[in-house]
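The values are calculated or read from the model by the stated rules, or taken from the named source; none is laboratory data. Bear in mind the structure is a predicted one, so any value in this text is a computation, not a measurement. Note that each Cβ is placed from the backbone with ideal geometry, even for glycine, and that neighbours are counted across all protein chains shown. Side chains are part of the model used for accessible areas, which takes the heavy atoms of the whole protein and leaves out ligands, DNA and RNA. Shrake-Rupley method; radii C 1.70, N 1.55, O 1.52, S 1.80 Å.
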Amino acid sequence: MAKGCNEIWKECLQVIKDNVSDQSFKTWFEPISAVKLQENVLTIQVPSQFFYEWLEEHYIDLLKKTIKKKLGTSGRLEYSIVMENNYNNASKPYTVKVPTSDKGGLKNAPISMPIDVNNGAIRNPFIIPGLKRVNVDSQLNPNYSFDNLVEGECNRLARSAGYAVSNKPGGTAFNPLLIYGGVGMGKTHLSHAIGIEIKEKYPEKTVLYVSSEKFTHQFIDSIRNNTHNDFIHFYQMMDVLIIDDVQFFAGKEKTQDAFFHIFNHLHQTGKQIILTSDKSPVELQGFEQRLLSRFKWGLSADLQSPDLETRIAILDKKIYNEGIEIPRDVVEYLAYSISTNVRELEGALISLLAQASLNKKSITLELAKQMIDKFVKNTAREVSIDYIQKIICDYFELPIELLKSKTRKREVVQARQLAMYFAKKMTKSSLATIGMYNGGKDHATVLHACKTVNNLIDTDKRFRASVDEIQKKITI
Ligand code: ADP
Ligand code: MG
């Protein structure tokens, strides 16, 4: 007798479990249920769009292999996305198909080409044809638009340079445009946004986004298959070439060589080149000098860690796009707790949504705290100065602006001293940084504050009790 969907999915889960961490399994696979198996198509139900995208981005290969193993090469996986949460009664199930077959140029297709959910049309990552000479698929992710890229101090220059480039590709001084910054700062997002914007304004232009890794593999294949010239010509045909994570070219002389020729041709013919890197051109190592100097021809713009307001705005945007509501204090808590990296911030939000929908719980501050504890355990979370200040201001019922101001009002001074004391104790920030955050004081003031607080802890029982209480609030 043929197996039912639950049975097959159970078997799939066994395979998956062996291939992912416990935490990932709990977060991303346990909430999935199988809903149907028909004509070798297994339909699984996932709790949200976010959830689906996360699976697509991180586990698509594993899912594909697993389905192939259990259902054979004709096996297919479909997602049914059902939003179930307490804030949005309108559930919107729809399905996404993921074939496991290797036909249709899968080899050349990106591993995870996120989807376009506008008007319900889902772009299937596996039917994007391989690179062809005519009608090049730009490989752009429509979700990574300028609209969805929240502007902040952290990205203003890069964002506006990118926008300028999109108005006049190849026609500004920003050629190449090199966007650099740490992991999860939005480099890939911004580079897509520029491509999308160009495609919108100049539909006839040939735009291509490619990761440097994929470029390298294509290059190696072209050598092996004796199609090196085709490879070079293909890239020289672009009007706009976006290469993501060029630091990956480090030490790969032959690839750099090929890229050098492509670069020269494009640049000479007024075509736009956009590069991203996790290091500034000055810090890039393992590059030929002639290539490095070309990187510096245009503009290098960096992306920095977003400040608190920007982090909140980013969360708000994602929540809005998702069509859900999350209590204010939870959004703030997430933004306060995860301060380094937008990708982690997003991951935390998705994880929270998954937990809530899995356990049919509403999204509360408590749930967020539990989740953050688990979520950031691996990354050794450091409490941020922002968060310490927030807790202290809540405790003393003071507006945070006062704490950050220079005022010497007694009640503010003590709260500020406590904020400095906890920042010194619980973060790795320098005295100067701590002072800067707390009313622009210098390092000596911070030291003095720590001393004063320590003295009071030793001499004043009530004060000590307050300190303990605040400490608890900060750590739980
Ligand atoms: P990088 O390429 O620098 O590692 P990504 O571009 O992949 O980072 O960004 C990581 C995630 O954070 C993406 O999902 C992206 O959409 C999101 N993100 C980054 N910066 C912003 C921003 N300013 N506004 C909205 N989302 C952002
Ligand atoms: Mg990236």
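Scan the stretch 209-249 for residues that are away from ligand 2 (no atom under 16 Å from the Cβ), open to solvent by less than 50 Å² (accessible area, probe 1.4 Å) and of a type in the set (A, V, I, L, M, F, W, C) and jot them down.
Hits for the stretch 209-249 are 219, 231, 232, 234, 238, 240, 241.
Six or more apart or on different chains, Cβ atoms under 7 Å: show the pairs whose first residue is in the stretch 423-447 and within 20 Å of residue 467 (Cα to Cα) and whose second is among the acidic types (Asp, Glu).
427/382; 428/382; 435/442
Conditions tested, residue by residue: (1) on the phi < 0 side of the Ramachandran plot; (2) in contact (Cβ under 8 Å) with a residue 12 or more places away in the chain; (3) more than 10 Å from ligand 1 (Cβ to nearest atom).
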position	(1), (2), (3)
139	no, yes, yes
144	yes, yes, no
152	yes, yes, no
171	yes, yes, yes
180	yes, yes, no
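Can you tell me which residue within the stretch 35-66, out of those that are among the β-branched types (Val, Ile, Thr) and touching a helix residue (DSSP H, G or I) at 6+ places or on another chain (Cβ under 6 Å), is nearest to residue 354 (Cα to Cα)?
Keep residues of the stretch 35-66 that are among the β-branched types (Val, Ile, Thr), which gives 35, 41, 43-44, 46, 60, 66.
The next check asks that each one be touching a helix residue (DSSP H, G or I) at 6+ places or on another chain (Cβ under 6 Å); those that pass are 46, 66.
Working: 46: 9, 66: 22 Å.
Only one residue fits best here, namely 46.
Any residue in the stretch 259-279 that is farther than 24 Å from residue 160 by Cα, under 28 Å from the mean Cα position of the chain (by Cα) and either within 16 Å of ligand 2 (Cβ to nearest atom) or open to solvent by less than 40 Å² (accessible area, probe 1.4 Å) (or both)?
Yes, the stretch 259-279 contains at least one residue that is farther than 24 Å from residue 160 by Cα, under 28 Å from the mean Cα position of the chain (by Cα) and either within 16 Å of ligand 2 (Cβ to nearest atom) or open to solvent by less than 40 Å² (accessible area, probe 1.4 Å) (or both).
Restricting attention to the stretch 9-49, and to residues there that are among the hydrophobic types (A, V, I, L, M, F, W, C), open to solvent by 20 Å² or more (accessible area, probe 1.4 Å) and not in a loop (DSSP other than H, G, I, E, B), which single residue is nearest to residue 322 (Cα to Cα)?
So the residue we want is 35.
Going by what's in this entry, would residue 305 be described as open to solvent by 40 Å² or more (accessible area, probe 1.4 Å) and either modelled with pLDDT under 90 or more than 13 Å from ligand 1 (Cβ to nearest atom) (or both)?
Working: open to solvent by 40 Å² or more (accessible area, probe 1.4 Å): yes; either modelled with pLDDT under 90 or more than 13 Å from ligand 1 (Cβ to nearest atom) (or both): no.
No.
One line per residue, one yes/no per condition, for (1) within 30 Å of residue 322 (Cβ to Cβ); (2) in the same structural domain as residue 259 (by TED's automatic domain parsing); (3) open to solvent by less than 50 Å² (accessible area, probe 1.4 Å); (4) at pLDDT 95 or above:
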residue	(1), (2), (3), (4)
118	yes, no, no, no
132	no, no, no, no
135	no, no, no, no
162	yes, yes, yes, yes
171	no, yes, yes, no
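List pairs: first in the stretch 188-202 and of a type in the set (A, V, I, L, M, F, W, C), second away from ligand 2 (no atom under 16 Å from the Cβ) and part of a helix (DSSP H, G or I), Cβ under 7 Å, 6+ apart or cross-chain?
Note: pairs meeting the criteria are 194/165; 194/166; 198/166.
Could you check residue 180 against (1) open to solvent by 40 Å² or more (accessible area, probe 1.4 Å); (2) more than 16 Å from ligand 2 (Cβ to nearest atom); (3) of a type outside the set (A, V, I, L, M) and say which number it fails?
So residue 180 meets the others, but not (2).
Report yes if residue 352 is surrounded by 18 or more Cβ atoms within 10 Å (Cβ to Cβ), outside the structural domain of residue 31 (by TED's automatic domain parsing) and assigned to a helix (DSSP H, G or I), otherwise no. Break it down stepwise before answering.
Working: surrounded by 18 or more Cβ atoms within 10 Å (Cβ to Cβ): yes; outside the structural domain of residue 31 (by TED's automatic domain parsing): yes; assigned to a helix (DSSP H, G or I): yes.
Yes.
So in the stretch 432-464, with the set limited to residues that are aliphatic (A, V, I, L, M) and open to solvent by less than 40 Å² (accessible area, probe 1.4 Å), which one is farthest from residue 387 (Cα to Cα)? Write out each step before concluding.
To start, the set of residues in the stretch 432-464 that are aliphatic (A, V, I, L, M) comprises 432, 434, 436, 444, 446-447, 449, 453, 456-457.
The next check asks that each one be open to solvent by less than 40 Å² (accessible area, probe 1.4 Å); those that pass are 434, 446, 449, 453, 457.
Working: 434: 13, 446: 18, 449: 18, 453: 19, 457: 22 Å.
This residue is 457.
Give the residue, chosen from 160, 191, 145, that is touching a helix residue (DSSP H, G or I) at 6+ places or on another chain (Cβ under 6 Å) and of a type in the set (Gly, Ala, Ser). Can you show your working first?
On the way: 160 fails: touching a helix residue (DSSP H, G or I) at 6+ places or on another chain (Cβ under 6 Å); 191 fails: touching a helix residue (DSSP H, G or I) at 6+ places or on another chain (Cβ under 6 Å).
Result: 145 is the single residue among 160, 191, 145 that is touching a helix residue (DSSP H, G or I) at 6+ places or on another chain (Cβ under 6 Å) and of a type in the set (Gly, Ala, Ser).
Find all pairs meeting these conditions: Cβ atoms under 8 angstrom apart; at least six residues apart or on different chains; first residue within the stretch 57-77 and within 13 Å of residue 9 (Cα to Cα); second residue among the charged types (D, E, K, R).
Matching pairs, first to second residue: 67/76; 70/11; 75/68; 76/97; 77/64; 77/97.
Of the residues 326, 363, only one is surrounded by 20 or more Cβ atoms within 10 Å (Cβ to Cβ), at pLDDT below 90 and either more than 16 Å from ligand 2 (Cβ to nearest atom) or closer than 30 Å to residue 389 by Cα (or both); which? Full working, then the answer.
Numbers: 326 fails: at pLDDT below 90.
363 is the lone residue from the list that is surrounded by 20 or more Cβ atoms within 10 Å (Cβ to Cβ), at pLDDT below 90 and either more than 16 Å from ligand 2 (Cβ to nearest atom) or closer than 30 Å to residue 389 by Cα (or both).
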